[in-house]
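Asks: Supplied in structure tokens, the structure appears directly below.
Please treat every number below as a calculation from the coordinates, not as lab data. Given the structure is predicted, the values throughout are model-derived calculations rather than measurements. With ideal geometry, Cβ positions are generated from the backbone for all residues, glycine too; neighbour counts draw on all protein chains shown.
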Amino acid sequence: MRHHVAIRPLLGIGMVLLLAVPGARAQDWPMFGGNVQSASANPRTAGITAANVKRLRLRRVKLDGIVDASAIYLRGAVIDGARRNAIFVTTSYGRTIALDADDGDVLWKYTPASYGDLAGTHQFTNSTPVADPDEKFIYAASPDGYIQKLAVSNGRLVWRTPVTELPQREKMDSPLKFFQGHVIAVTAGYIGDRPPYQGHVAILDGRSGKLLHVWNTLCSNRAGLIRPESCRQSRSAIWGRAGAVIDPDGGHIFIATGNGRWNGSTDWGDALVELNSTATKMLGNYTPTNTAELDYDDLDLGSTSPVLLGSGLIAQGGKDGKIRLLSEREIAGDTAHKGHELQIVATPGGTDLFSQPAVWRYRRATWMFVSDNDGTAAWRLRNGRLHREWINDTGGTSPFEADGLLFVYAPRGGLNVYAATSGKRIARLPCGPGHWNSPIVVDRMIILPEGNANSRATIGVLDIWSLTGR
């Protein structure tokens, strides 16, 4: 793993465009991708259009750390006794910061005790926090291997729970999710794949912080947190940009793993796995027929998270430049499933896929937008197959759809804005370089962190573009 407007849901996995979470207000964006599927398509009017995007005003906010991830947003959150439009981010060394979206001021800051020991080291996080539906608490990861629950009102720590026995090897890499009272976290590994570590899924009780269940991608016959050195196998990290994605119908959890041993029984490297909502039972699995080759050649299947397209269809990319269309029905059960893809298409640039595709329901059709380092493309799902609608040679991080526009951040700098259905570029907004950062577009704003956590810097920038008269 070398890193270099509400719409009625469809039946089946993915229910493509739900509100961000049940009960969330129209302009909230409470988790990566906006909902537990990580669709990254805003189902409400964000207020930024082709006619006004070039009139956006940019505010660059200095941060005490790099946010090599995405932000979340709560409109009218109660902070210090007043209602604020608030942005929440977690920096690479675990600071979680609440900012006023209207003026960029810091409202509160939580710094874990481990910060002083870790700042400037290789041990960092690329995680995005998550808010619970009542907007009273957010949950954030820190590179010391802990999840913490923080009060939205003032950043007060409610609880801290470790989800790894070896945080120096098992990385808090992906966004957290919150579903039906549970926090869902996954673990990965650091650059260089230094053993021992195993990817695993951790389920925590949101109220108490109790660690309820753990599913290990290696030695999966062993429940609970394990000392990584106690399992004979190592790696099989969960490091896709969306982390775990969840079917809101039944709470099924979908993850994809990176390089590691696959034996179809206890070791699930380079695989897609479907678990029940408590991560106590495998419901489905898939690995390509060349899984050993993927492992040997460092072509992690899990360089990107699963994509829930609805109607029982799943897309799964990888570092081999391929996107596989799968049927949930065909991969069902806990017996091993190799191959049986419905379709395989190339990534836009034919190269590693590190970003999370966006899924958009438009005029009764499902669209999927994908960016890799060398291109961006759109597919439309018709008759159970992906049909490419447009493609360009401009790469980017995880795309975001809002109001029929597609927003794609280029890691070398610049935020490209396209017409979602045609791919015509509408604007290019200037900004600095980054890594895995991706925008959110909500409430007449675009919010985008800059910077690369691999630089080990302890200062960063948050860009906020807004329309005047918000």
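Asks: Kindly work out what percent of the DSSP beta bridges joining two residues of segment 41-466 are antiparallel, to the nearest 5.
Replies: 95 percent
Asks: Mind sorting Lys338, Lys171, Lys149 by how few other Cβ atoms lie within 10 Å of their own Cβ, fewest first?
Replies: Lowest to highest Cβ neighbour count: Lys338, Lys149, Lys171.
Asks: Using only alpha carbons, build the gyration tensor for segment 262-387 and give me the equivalent ellipsoid semi-axes, biggest first, whole Å.
Replies: Equivalent-ellipsoid dimensions as semi-axes: 23, 19, 12 Å.
Asks: Would you mind computing, in nm to one decimal, how far apart the modelled labels at Asp393 and Lys62 are, each placed 7 Å from Cα along Cα→Cβ?
Replies: Each label point is offset 7 Å from its Cα along the Cβ direction, giving 4.0 nm.
Asks: Sort 203-209, 180-186 by packing, meaning the average of other beta carbons within 10 Å per residue, with the highest value first.
Replies: 180-186, 203-209
Asks: Can I ask one more? So what are the ³J(HN,Hα) numbers for segment 208-220, from phi and the Karplus equation (6.51, -1.76, 1.60; θ = phi - 60°), rounded to whole Hz, Gly and Pro as x?
Replies: Computed from phi, the couplings for segment 208-220 are 9, x, 5, 6, 8, 8, 9, 10, 9, 6, 10, 6, 5 Hz.
Asks: If you line up the Cα atoms of segment 358-432 on their principal axes, what length do they span on each, largest first, in Å?
Replies: Extents along the principal axes: 41, 23, 17 Å.
Asks: If contacts are Cα pairs under 8 angstrom and at least 6 residues apart, what is the relative contact order of segment 41-466 in percent?
Replies: After rounding, I find 15 percent.
Asks: Let me ask you something else. Can you compute 3J(HN,Hα) from phi for each residue in segment 238-247, using the Karplus curve 6.51 cos²θ - 1.76 cosθ + 1.60 with θ = phi - 60°, rounded to whole Hz and x for Gly and Pro?
Replies: Going residue by residue, I get 9, 9, x, 4, 9, x, 7, 10, 10, 7 Hz, with x marking Gly and Pro.
Asks: Between Gly206 and residues 5 or more places away or on another chain, which pairs have amide H atoms under 5 Å apart, with H built 1.01 Å from N, and which residues are they?
Replies: Those qualifying (amide H under 5 Å, at least 5 residues apart or on another chain) are His182, Val183.
Asks: For the pair Arg194 and Lys424, how long in nm is the line joining their label points, each one 7 Å along Cα→Cβ?
Replies: Taking the simple label geometry, Arg194 and Lys424 are separated by 5.2 nm.
Asks: Could you list which residues have their amide H under 5 Å from that of Asp372, counting only those 5 or more apart in sequence or on another chain, with H placed in the peptide plane?
Replies: Gly349, Gly396
Asks: Also: Out of all DSSP beta bridges with both ends in segment 144-244, state the antiparallel percent to the nearest 5.
Replies: 95 percent
Asks: Scan around Gly269 for amide H atoms under 5 Å from its own, H built in the peptide plane at 1.01 Å from N, and keep only partners 5 or more places away or cross-chain.
Replies: Hits under the 5 Å cutoff: Arg261, Trp262, Asn263.
Asks: What does the helix-only formula give at 222 nm for the chain: each DSSP H stretch with n ≥ 4 adding -39500 (n - 2.57), the total divided by the residues, and the result rounded to the nearest 500 deg cm²/dmol?
Replies: Computed ellipticity for the chain at 222 nm equals -500 deg cm²/dmol.
Asks: How much length is gained if the chain between His122 and Asp80 is pulled fully straight, taking 0.36 nm per residue apart and subtracting their Cα-Cα distance, in nm to one decimal?
Replies: Gain on stretching His122 to Asp80: 11.6 nm.
Asks: On a full-extension model of 0.36 nm per residue, what is the gain between Arg412 and Leu212, subtracting their alpha-carbon distance, rounded to one decimal in nm?
Replies: Length gained, Arg412 through Leu212: 67.9 nm.
Asks: OK, next. So in the chain, which Cys have no other cysteine's beta-carbon sitting under 4.7 angstrom from theirs?
Replies: Cys431
Asks: Treat the count of other C-beta atoms within 10 Å as a stand-in for reagent exposure and order Leu211, Leu74, Leu353 from fewest to most.
Replies: By the 10 Å Cβ count, ascending, the order reads Leu211, Leu74, Leu353.
Asks: What number comes out for the charge environment of Asn154, summing +1 per Lys or Arg and -1 per Asp or Glu over other residues with Cβ under 12 Å away?
Replies: Result for the local shell: +3.
Asks: Starting with the fewest neighbours, write out Trp108, Trp29 ranked by other beta-carbon atoms found within 10 Å of each beta-carbon.
Replies: In order of increasing Cβ crowding within 10 Å: Trp108, Trp29.
Asks: Using the Karplus equation 6.51 cos²θ - 1.76 cosθ + 1.60 (θ = phi - 60°), what ³J(HN,Hα) coupling, rounded to whole Hz, does each residue of segment 318-331 give in order, writing x for Gly and Pro?
Replies: Once rounded to whole Hz, the list reads x, 6, 8, x, 10, 10, 9, 9, 10, 9, 4, 5, 6, 9.
Asks: Let me ask something additional. Treating only the Cβ of Lys, Arg, Asp and Glu as charged (+1, +1, -1, -1), what charge dipole size does the chain show about its Cα centre? Round to the nearest 20 debye.
Replies: Computed charge dipole of the chain: roughly 1100 debye.
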